[in-house]
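Below is one structure; the comments refer to it alone.
The values are calculated or read from the model by the stated rules, or taken from the named source; none is laboratory data. Keep in mind that this is a model prediction, so the values were computed, not measured. Counting neighbours? That spans all protein chains shown, and the Cβs are built from the backbone with ideal geometry, glycine included.
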Amino acid sequence: MTSHRTTRTLRATAAGLALSVALAGCSLLDGGSEPVEAEAPTPSATADLYDSQFTTDGTFQSHLSVDGAPGIDFVYTLYPTKSTPRTNEWYPRGAKFFSFTFQAYDLDRGLRDAFATKRKVYLDRIKVTSRTITSDGGRTQRPYQLDVEARRATFDPQPLSTKYGMLITSPKGAFELRNQKIKGTSLDTRGIELTFTATVSIQVSAGGSRFIERTVKQTVPIAIFESEEKTEKTDIPVNAN
């Protein structure tokens, strides 16, 4: 059995590996109960958005687990691209660009253990919705949206895939999208929330044929600062990052 100390060490190492890639109830696929979502807490007040990890650190990373798959760590990582790198200068007007990755780690196994001994996780679809938070309760806008089959959209032109989707188990699999465009919004915008929902299939035991299906959901708050200026783009082409 993995000790708490070892698990913490593995989790910290997994976080570092996820960053390097880019810089509940259940529904059994063999006929089980209805699927449920694993969802992290989300901020609701505008003030919380200014404390967002993405804005203050220039990156966001979360570690999520789901029922029925203990020891599987799901990691979302987001960061601004070279087109609009200064998150403290993200204003309502003008496009803003970010990239993100999604990956799974089997923490019940050592990082150097043979890959065949690790439970495989496959990503079928990933969906992202957005909403604005305004200073005066004005009309909600949705400046970014995504709903794609993962293996057809990921940055890797030849992802490892099966009927369940593309492999996202570290270190041989990861979903990545680059230079995603958040459109400009009204001048009263003070925050944008991006909500990521991934549909995954998780191997019950390494090498086994039984999988369970889950959704892994995470909302990421982004601060938008008051200004009539446009968010400034660098001279670097959008596809350079």
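At-a-glance table
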| quantity | calculated |
| --- | --- |
| For E232: the one exception among (1) assigned to a helix (DSSP H, G or I); (2) in contact with an Asp or Glu (Cβ under 9 Å, 6 or more places away or on another chain) | (1) |
| Breaking point among (1) more than 21 Å from T117 (Cβ to Cβ); (2) over 17 Å from the mean Cα position of the chain (by Cα); (3) charged (D, E, K, R), for R210 | (1) |
| Where a residue in the range 48-73 is over 12 Å from V220 (Cβ atoms) and its partner, wherever it lies, is modelled with pLDDT of 95 or more and in a loop (DSSP other than H, G, I, E, B), with Cβ under 6 Å and at least six apart | G71/L107; G71/D108; D73/L107 |
| Single condition A38 does not satisfy, out of (1) in a strand (DSSP E or B); (2) at pLDDT below 95; (3) touching a Gly at 6+ places or on another chain (Cβ under 7 Å) | (3) |
| Exclusive hit being under 14 Å from the mean Cα position of the chain (by Cα), under 14 Å from Y76 (Cα atoms) and surrounded by 15 or more Cβ atoms within 10 Å (Cβ to Cβ), set A150, A198 | A198 |
| Selection within the range 144-187 - closer than 30 Å to E232 by Cβ, in a loop (DSSP other than H, G, I, E, B) and polar (S, T, N, Q) | Q145, T154, T185, S186 |
| Flag for S135 being in contact with an Asp or Glu (Cβ under 7 Å, 6 or more places away or on another chain), of a type in the set (S, T, Y) and at pLDDT below 95 | yes |
| Unmet requirement for R190, which otherwise passes all of (1) charged (D, E, K, R); (2) more than 20 Å from the chain's Cα centre (by Cα); (3) part of a loop (DSSP other than H, G, I, E, B) | (3) |
| Residue ID - surrounded by the most Cβ atoms within 10 Å (Cβ to Cβ), chosen from residues in the range 119-147 that are of a type in the set (V, I, T) and more than 17 Å from K183 (Cα to Cα) | V121 |
| Residue identified as of a type outside the set (A, V, I, L, M, F, W, C), part of a loop (DSSP other than H, G, I, E, B) and closer than 30 Å to T234 by Cβ among Q141, Q103 | Q141 |
| Flag if E193 is buried (at least 18 other Cβ atoms within 10 Å of the Cβ), in contact with a Ser or Thr (Cβ under 9 Å, 6 or more places away or on another chain) and among the charged types (D, E, K, R) | yes |
| Test: residue in the range 175-190 that is acidic (D, E) and either under 30 Å from P92 (Cα atoms) or modelled with pLDDT under 95 (or both) | yes |
| Breaking point among (1) among the hydrophobic types (A, V, I, L, M, F, W, C); (2) outside any strand (DSSP E or B); (3) over 30 Å from I212 (Cα atoms), for L111 | (3) |
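Each row is one residue, and each column tells you yes or no for (1) at pLDDT below 60; (2) over 15 Å from L194 (Cβ atoms); (3) among the small types (G, A, S); (4) not in a loop (DSSP other than H, G, I, E, B).
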site: T7; (1), (2), (3), (4): yes, yes, no, yes
site: T13; (1), (2), (3), (4): yes, yes, no, yes
site: L49; (1), (2), (3), (4): yes, no, no, yes
site: V66; (1), (2), (3), (4): no, yes, no, no
site: V75; (1), (2), (3), (4): no, yes, no, yes
